[in-house]
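Engineer: Below is the structure I would like to discuss, written out as structure tokens.
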Amino acid sequence: MANNYARGQHDTRPWGTWEVTDCGKSFCVKQIVVNSGGILSLQLHHHRNEHWIIVGGTATVTLDDQIIEKKAGESIYIPVETKHRIQNNGTEPLVFIEVQTGDNLDENDIVRLEDKYGRAG
């Protein structure tokens with residue numbers, strides 16, 4: 001098992017921000033904020049599952065071929081190797097907690113299939 005995240009690690013992306021709020025040997029917890037109109041890349045992961053808990057705003061989630069609306073207090077589970085993305089079609093920031101579990105937790109385990117901002121795979 002490898003976890004390459006550290007508590008307090010953060011980044012700004014074209015769609016918003018993320019920050020690691022907790023982590024351990026086989027898990028990572030991030031708070032993610034998606035700006036109004038922001039959309040993450042359509043992606044999958046080879047080594048991790050994700051559980052998203054919406055805490056503010058409304059999310060439009062793509063999970064394989066399904067489009068699912070989620071609001072504050074709702075959650076969704078993303079199994080390993082599943083195509084997914086989240087977007088904020090609202091006017092307020094979308095805030096969600098992402099809990100990653102798996103045998104290799106790393107930002108390099110992002111396979112981008114489509115990206116609005118032109119970022120490569």
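The values are calculated or read from the model by the stated rules, or taken from the named source; none is laboratory data. This one's a predicted model, so the numbers in the text were calculated from it and none came from an experiment. Note that we place each Cβ from the backbone using ideal geometry, even for glycine, and neighbour counts take in every protein chain shown.
Engineer: Inside region 1-24, can you point out the residues that are farther than 16 Å from ASN89 by Cβ and assigned to a loop (DSSP other than H, G, I, E, B)?
Structural biologist: So in region 1-24, the residues farther than 16 Å from ASN89 by Cβ come out as 1-14, 17-24.
Correct list: MET1, ASN4, TYR5, ALA6, ARG7, GLY8, GLN9, PRO14.
Engineer: What's the number of the condition VAL33 fails, among (1) closer than 27 Å to ALA2 by Cβ; (2) more than 10 Å from the chain's Cα centre (by Cα)?
Structural biologist: All conditions are met except number (2).
Engineer: Sticking with this one: Within region 72-96, restricting attention to residues that are surrounded by 16 or more Cβ atoms within 10 Å (Cβ to Cβ) and aliphatic (A, V, I, L, M), which residue is farthest from SER26 (Cα to Cα)?
Structural biologist: The qualifying residue farthest from SER26 (Cα to Cα) is LEU94.
Engineer: Here's a follow-up. Assuming VAL61 fulfils every condition listed in (1) crowded, with 18+ Cβ neighbours inside 10 Å; (2) at pLDDT below 95; (3) of a type in the set (Val, Ile, Thr) apart from one, which condition is it?
Structural biologist: (2)
Engineer: Which residue is nearest to THR60 (Cα to Cα), if the candidates are limited to region 70-112 and must be of a type in the set (D, E, K, R) and touching a His at 6+ places or on another chain (Cβ under 8 Å)?
Structural biologist: Once the filter is applied, the top-ranked residue is GLU98.
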